[in-house]
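Notes to accompany the following structure.
The values are calculated or read from the model by the stated rules, or taken from the named source; none is laboratory data. Bear in mind that the values here come from a model prediction, so they are computed numbers and not experimental data. Reconstructed Cβ throughout: ideal geometry from the backbone, glycine too, with neighbour counts over all protein chains shown.
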Amino acid sequence: MSLSLLGQYVMNGAMLGMMYALVAVGFTLFFGVLDVIQFSHSDVLAAGAFAGLLAWAALTALGVASPLALLVAVLLAAVVATAVLGVLVGRYIVLPLKGAPQLNVLLATLMAGTVLRESIRLFYPGGSQPQMFPALLPTRGWDFGAFHLRIDNVILLAAGALMIAGTHLLITRTRLGLAIRAVAQDEETARTMGIDFRRVVLITFALGSALAAFAGVMDGLYYNEVFFGMGLLLGVIGFAAAVLGGLGNLYGAIVGGFLFAALQTIGAVALPFASAYKDVFAFGVVILLMAIRPTGLIGERASERV
Amino acid sequence: MRLAVAALSVTLSLAATAKETVRIAFVGPLTGGNSAIGLGGRNSADLAVRLRDADPKAKYHYELVVLDDECKPDAGVQMATKAGSDRTIVGGVTHYCSVVAMATVDTYHRFGLPAIVWGAVLPDITYANDFKEIHRVNGTMINQNEANAKLVTSQGYKKFAIIHDTTDYGKGHDKYFTQFLKQDGGEIVADFGVTADQQDFTAELTQIKALNPQVLYFGGLTPIGVRIRAQMDKLGLVAQFDGTSGIVNDDFIKALGPLAEGVLAFREGAPAERLPGGKKFLADYKEQGYANPPEAYGPFAYAAAVLLMDAIEKVGPDRKKIIQQLSPAHVKDVDSIVGKITFDEHGQNTVPVITRYVVQDGKWVPWEDSEYAGGKRKLVGR
């Protein structure tokens, strides 16, 4: 395999890995603060992408043509919509079930996800078919042999890295982050220290969902296409990545996301059988890794959660 | 109009008194999601019967028994049983939905009822059995891919890559396209099966790009077709996109915008006005004042009904003799409104109409009418 071809595979894998990592970070945040699995997370992501698309359609109809203004509007609409959805899910589905078995939360959020997904399909005009997502970033590219490097991909990758770094800083360096970590470690003690538990949980839901919105818009900009069911596989993969890395651990989510993307790429490229089996291969390896390290790749070593 | 109908009904009642009545069945989806096509098919078969009954030279008076298969296999088998067990019904114009047509072949065979499929496209309906009762006037994905391979190779393309989904639909297209392409001298450098809900194709497309094919053939439906075409562009993969009937719809173009330009695709059948006898058919259809349009497969239902009645005219209302009359020995280059009909040993029309489409300015345009065929625009790499 030539170096340029390898470069292309690494780039493809990095884009996928970044999206998976962003989704996985959300799962891990929710699990960190509340010990719950929020399974409608990926459908919140799809809703965010469609909210962004709606904002774009509305603004272009009004005559706005500047790509930068449109991009900002798309991102804002997506982030606000998902943050609100995340808070609603947290407030009305997850928190009321706090005393109930974890399984109930998992089921309730899974169903909420189906409601969201089907709502997009039914209520978005032509929602059952894929929708074109506008290319709002510069699309120039350079060819290095088999490697086609596009500016928009580089921007997306950098922005994704910044988002994750920002989340990390927020959690490790701010008072809010301190509160989130406190709640994650010990709810009772955090309450006695005067932390508004409910507020912290809801902010975490807003934050995690906003990350999903970013992943959704990134997905749209990267593929130029969004689909009501886009969250289905992304959710399963994001969750698998979070578990693989160690649920509740931020670094674990990132490592898990990129590892899964690498496995998929290897499955499609390097293995002698058909690429239809790449997910079978990737998930198979995940099962194997989970059998070897049940608490995740770096879950055990880092004692600090979130 | 009303006068015409009145006159027609007078003729009908006159004819009815003079001739023996023969009953034939129409089976199609009259309720549910595919009912628009079903109703169009029923009206078209009904039109064939009305015109025949108005013809003084016809030996028999025909009556159409209309049955609803709801596009569901179980309902279809019930209706097939109903038609088959009713000895006064001597033949049927049957089914639009492939699953239903597939489920009912055994029933028609068991009852010895000659059936002519008017819309279902799955090859197995005719080819997975040796039942003499089963015939089909419309084409299948086999014919579609034959036309496809012929067009792309005639454009001078030599190196092909294939992506297909791993459903029966995608696998069938992969199989038949590969077969015809090899006959026509094309070379396949890569062939990928993918799941029908896959999002990311960059790994497959990067591999394909390294092999440098001139054409990317895609066997599958709109959602992943859209993704593959869009991601080709992302990776700078320059190749002609060549699709199947699964992408011939407006959603494909809407989701891709300018990237859809120049995409090829093929579909069984043709818009009615483009068929050999289409103009007269549409005029006759309009004159009868049906509430629904004939839709894409109406002309095939019409042609099937005419073929069946022609056979009855020749040999009389006897199931066995009709089957004999519909054998390859007798159905050869028969003129119909959908073009010539020639049955092979499986009762399959071997020369069905296939329409070749290319996207031009955001529309699916028949190849012959396009600027691509005229040379004003060029396919990728030509």
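Screening B:D233, B:D191 for residues that are within 24 Å of B:Y169 (Cβ to Cβ) and of a type outside the set (A, V, I, L, M) leaves exactly one candidate, B:D191. If I filter segment A:207-223 for residues that are touching a Gly at 6+ places or on another chain (Cβ under 9 Å) and either of a type in the set (V, I, T) or closer than 20 Å to A:L289 by Cβ (or both), do I get at least one hit? Scanning segment A:207-223, I find at least one residue that is touching a Gly at 6+ places or on another chain (Cβ under 9 Å) and either of a type in the set (V, I, T) or closer than 20 Å to A:L289 by Cβ (or both), so the answer is yes.
Confirm whether A:G145 is at positive phi and within 11 Å of chain B (Cβ to nearest Cβ). Considered against the rule, which asks whether it is at positive phi and within 11 Å of chain B (Cβ to nearest Cβ), A:G145 comes out as yes.
Would you mind stating whether B:E368 is acidic (D, E), assigned to a helix (DSSP H, G or I) and outside the structural domain of B:D53 (by TED's automatic domain parsing)? Yes; evaluated as a whole, the condition is true for this residue. For A:S66, indicate whether it is of a type in the set (G, A, S), in contact (Cβ under 8 Å) with a residue 60 or more places away in the chain and away from chain B (no Cβ under 14 Å). Considered against the rule, which asks whether it is of a type in the set (G, A, S), in contact (Cβ under 8 Å) with a residue 60 or more places away in the chain and away from chain B (no Cβ under 14 Å), A:S66 comes out as no.
When the residues of segment B:238-259 are filtered to those that are surrounded by 23 or more Cβ atoms within 10 Å (Cβ to Cβ) and either at pLDDT 95 or above or within 14 Å of B:L205 (Cβ to Cβ) (or both), the one that is nearest to the chain's Cα centre (by Cα) is B:G243.
Checking A:I287, A:I203 one by one, the residue that is without any contact (Cβ under 8 Å) to a residue 12 or more places away in the chain, more than 14 Å from chain B (Cβ to nearest Cβ) and over 12 Å from the mean Cα position of the chain (by Cα) is A:I287 and no other. With respect to (1) closer than 27 Å to B:A210 by Cβ; (2) in contact (Cβ under 8 Å) with a residue 40 or more places away in the chain; (3) more than 11 Å from chain B (Cβ to nearest Cβ); (4) not β-branched (V, I, T), the lone exception for A:A159 is condition (1). May I ask you to list pairs of residues, at least six apart or on different chains, whose Cβ atoms are under 7 Å apart, with the first in segment A:7-35 being within 10 Å of another protein chain (Cβ to nearest Cβ) and the second being among the charged types (D, E, K, R)? As it stands, the answer is A:L16/B:D200; A:M19/A:D219, since those pairs meet every condition given. In summary, B:D361 fulfils each of the numbered conditions (1) surrounded by fewer than 20 Cβ atoms within 10 Å (Cβ to Cβ); (2) modelled with pLDDT of 95 or more; (3) on the phi < 0 side of the Ramachandran plot with the single exception of condition (3).
Assess whether B:F266 counts as being surrounded by 15 or more Cβ atoms within 10 Å (Cβ to Cβ), among the aromatic types (F, W, Y), more than 14 Å from chain A (Cβ to nearest Cβ) and part of a helix (DSSP H, G or I). Spelling it out, it is not the case that B:F266 is surrounded by 15 or more Cβ atoms within 10 Å (Cβ to Cβ), among the aromatic types (F, W, Y), more than 14 Å from chain A (Cβ to nearest Cβ) and part of a helix (DSSP H, G or I).
Of the residues making up segment A:129-142, those that are over 10 Å from A:G220 (Cα atoms), in a loop (DSSP other than H, G, I, E, B) and either touching a strand residue (DSSP E or B) at 6+ places or on another chain (Cβ under 6 Å) or at the interface with another protein chain (Cβ under 9 Å from one of its Cβ atoms) (or both) are A:Q129, A:P130, A:T139.
Among the residues of segment A:199-227, the ones that are small (G, A, S), in contact with a Leu (Cβ under 8 Å, 6 or more places away or on another chain) and surrounded by fewer than 24 Cβ atoms within 10 Å (Cβ to Cβ) come to 0 in all. Which residues, taken from segment B:171-186, are within 28 Å of B:A115 (Cβ to Cβ) and in contact with a strand residue (DSSP E or B) (Cβ under 6 Å, 6 or more places away or on another chain)? Hit for segment B:171-186 is B:H173, nothing else. Restricting attention to segment A:266-275 and to residues that are facing chain B (nearest Cβ under 7 Å) and surrounded by 19 or more Cβ atoms within 10 Å (Cβ to Cβ), the residue that is modelled with the lowest pLDDT turns out to be A:S275.
Only a single criterion out of (1) within 8 Å of chain A (Cβ to nearest Cβ); (2) more than 25 Å from A:L233 (Cβ to Cβ) is not satisfied by B:Q240, namely (1). Residues that are away from chain A (no Cβ under 14 Å) and assigned to a helix (DSSP H, G or I) within segment B:173-227 comprise B:H173, B:K175, B:Y176, B:F177, B:T178, B:Q179, B:F180, B:L181, B:K182, B:Q183, listed in sequence order. The one condition from (1) within 12 Å of chain B (Cβ to nearest Cβ); (2) over 30 Å from B:L221 (Cβ atoms); (3) assigned to a helix (DSSP H, G or I) that A:V84 does not meet is (1). For segment B:150-170, the count of residues that are in contact with a strand residue (DSSP E or B) (Cβ under 8 Å, 6 or more places away or on another chain), buried (at least 18 other Cβ atoms within 10 Å of the Cβ), modelled with pLDDT under 90 and more than 11 Å from every other protein chain (Cβ to nearest Cβ) is at least one. If the condition is being closer than 22 Å to B:G298 by Cβ and touching a Pro at 6+ places or on another chain (Cβ under 9 Å), then segment B:351-373 contributes B:V353, B:T355, B:R356, B:Y357, B:P366.
Mind listing just one residue for me: the one in segment B:285-320 that is touching a Leu at 6+ places or on another chain (Cβ under 7 Å) and surrounded by fewer than 17 Cβ atoms within 10 Å (Cβ to Cβ) and, of those, farthest from B:R42 (Cα to Cα)? Among residues in segment B:285-320 that are touching a Leu at 6+ places or on another chain (Cβ under 7 Å) and surrounded by fewer than 17 Cβ atoms within 10 Å (Cβ to Cβ), the one farthest from B:R42 (Cα to Cα) is B:Q288.
The residue that is surrounded by the fewest Cβ atoms within 10 Å (Cβ to Cβ), among those in segment A:228-265 that are more than 14 Å from chain B (Cβ to nearest Cβ) and outside any helix (DSSP H, G or I), is A:L247.
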